[in-house]
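Before any comments, here is the structure.
The values are calculated or read from the model by the stated rules, or taken from the named source; none is laboratory data. These numbers were taken from a predicted model, which means no experiment stands behind them. In this analysis, Cβ positions are derived from the backbone assuming ideal geometry, glycine residues included, and neighbour counts consider all displayed protein chains. Side chains included, ligands, DNA and RNA excluded: accessible areas come from the protein's heavy atoms. Shrake-Rupley method; radii C 1.70, N 1.55, O 1.52, S 1.80 Å.
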Amino acid sequence: MRRGKRFDRRVLALVEVRGGQRDLEEAMAACERQGWPVQEAGERGQGLTDGVLRPRDGARVLLVEVRLYGSAWRAERGAVWRVRRLAREARLEMYVRRAELADRDRELLPEWRVHTTAHRPAPPLVRPVPRRTLLAYRWARARARAAERLGLRDTGAVVTGTPSEAWRLARLPLSPGRHGPRAWTSGRWTAGRGPERCCGVRRTGNGA
């Protein structure tokens with residue numbers, strides 16, 4: 001059996017093998033050498049194919065997990081082609097009667113980096129706000145947000161999920177002995193997953 005062969009797709013193939021017991025054993029061994037686990041084996045028209053295929057002398061079926069690397073698009077055809085090539089190389093009579101992708105595309109969750117928010121300036125409490133105070137606050141807030149987008153306030157933690165999930169996960173206490181939401185943290189979308197965004201979090205629980 002081959003070791004260390006890369007794959008990211010698994011296709012379940014119902015393979016019919018014609019011939020004697022020796023042909024069946026050779027087919028199973030050939031699949032194992034390819035790194036394809038044989039999940040089931042039996043007579044045609046019995047077990048897995050009972051009521052689906054008619055029994056036939058010298059015909060058996062294998063349920064094989066064909067492993068291959070590449071896109072999920074047309075992976076089933078790729079698996080059929082590989083089984084046919086294997087049959088030619090092994091000089092066996094093998095037919096793929098059905099092929100189905102075992103793993104459909106998984107959901108790609110947006111990734112966020114956790115950063116602190118303690119550096120954000122507090123909004124002015126005086127009303128009306130003097131123009132100079134308002135401009136100073138806006139400038140400080142812009143600098144704080146810029147530092148967050150540049151990753152200068154990252155904590156090193158990473159979370160995945162929707163913006164609201166990321167906001168809550170960023171404040172989730174994972175350290176032993178810590179209770180309640182982790183304060184002064186937020187999240188920003190990492191590069192390659194979408195535009196840089198921040199989900200603001202103000203202090204609502206115990207300090208970190």
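Computed on segment 64-174, with alpha-carbon pairs under 8 angstrom and 6+ residues apart, the relative contact order is 27 percent. Hey, with R₀ at 41 Å, roughly what FRET efficiency would ARG6 and VAL52 work out to, going by the Cβ-Cβ distance, to 0.05? In this case the efficiency is close to 0.75. Among VAL38, VAL11, LEU48, whose Cα projects farthest towards the positive end of the dipole of segment 1-52, with charges put on the beta-carbon of Lys, Arg (+1) and Asp, Glu (-1)? Final value for the positive-end residue is VAL11. In plain terms, if you count all Cα to Cα distances in segment 8-47 and split them into 10 Å steps from zero, the share in each step is 25, 57, 16, 1 percent.
Probing with 1.4 Å while keeping every protein chain in the model, the per residue accessible area of segment 1-124 equals 63 Å².
Carbon and sulfur: what percent of segment 23-66's accessible surface (1.4 Å probe)? List each step's numbers first, then the result.
On the way: 1010 of 2330 Å².
It is 43 percent, rounded to a whole number.
Diffusion coefficient (Stokes-Einstein, Kirkwood radius over C-alpha pairs, 10 °C, 1.306 mPa s) for segment 8-141: 84 µm²/s, rounded to a whole number. Can you tell me the FRET efficiency between ALA29 and LEU109 if r is taken as the Cβ-Cβ distance and R0 is 45 Å, rounded to the nearest 0.05? Result of the calculation: an efficiency of 0.65.
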